[in-house]
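Working notes, structure below.
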Amino acid sequence: MGKKLLSQFSTLLIISLFIGFVFYSFGLNFFIGIGVGVVAQFALYHAFLVLVNLYAALENKKIENERIKEFSFQSMEVTCPCFKQKKEIIPIRLNANNQYKCSECEKTISVFITPETAILTEPIVNTDLTVVNKLIQEKLANGSA
Ligand SMILES: [Zn+2]
């Protein structure tokens, strides 16, 4: 840690000295050059830190959004069996017992998932109204008879 600080300090000093010499070679004050060098380096370092933090915040936000998206695919709205019938959206996992704590009655609630099956039916393609009208007329004729 001390070694790192020393190397950082010497880097700061070398760059500041260089800027001092540049100032001096342009006929300006050498020590003002060093001062400008030190300030500029601190400003740059600060700007760098700000950018790094901004980048980290953006990345975190991205991860958070991904998690929310993922969560929305694996969650369900359930109703607590307590008398308050509190509705809550809870995460659902198929490889574990699903439990949650009701925010109203503060009891632990188990969630049971029962799969239901149904045969998918084909939609009616024929929308010819004359066929439908004929069927209705037939029904009416049979009904009146
Ligand atoms: Zn409840």
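The values are calculated or read from the model by the stated rules, or taken from the named source; none is laboratory data. Model, not experiment: these values are computed from the prediction. Cβ atoms come from the backbone with ideal geometry, glycine included; neighbour counts cover every protein chain shown.
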Residue among Glu77, Glu104 that is part of a loop (DSSP other than H, G, I, E, B), within 16 Å of the ligand (Cβ to nearest atom), without any contact (Cβ under 8 Å) to a residue 40 or more places away in the chain and not β-branched (Val, Ile, Thr): Glu104
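Here's the yes/no breakdown for (1) in contact with a strand residue (DSSP E or B) (Cβ under 8 Å, 6 or more places away or on another chain); (2) surrounded by 10 or more Cβ atoms within 10 Å (Cβ to Cβ):
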site	(1), (2)
Glu70	no, yes
Gln74	yes, yes
Lys107	yes, yes
Pro115	no, no
Ile119	no, no
Leu129	no, no
Leu135	no, yes
Gly143	no, no
Residue in region 40-60 that is surrounded by 10 or more Cβ atoms within 10 Å (Cβ to Cβ), in contact (Cβ under 8 Å) with a residue 12 or more places away in the chain and either closer than 28 Å to Ser10 by Cβ or within 16 Å of the ligand (Cβ to nearest atom) (or both) present: yes
Residue count for region 89-101, restricted to those that are away from the ligand (no atom under 13 Å from the Cβ), over 19 Å from Lys69 (Cβ atoms) and surrounded by 14 or more Cβ atoms within 10 Å (Cβ to Cβ): 1
Single match in Glu138, Glu88 (criterion: assigned to a helix (DSSP H, G or I) and acidic (Asp, Glu)): Glu138
Flag if Ile113 is in a strand (DSSP E or B) and either modelled with pLDDT of 90 or more or among the hydrophobic types (A, V, I, L, M, F, W, C) (or both): no
Gln8 vs. criteria touching a residue at least 24 places away in the same chain (Cβ under 8 Å) and either assigned to a helix (DSSP H, G or I) or surrounded by 12 or more Cβ atoms within 10 Å (Cβ to Cβ) (or both): no
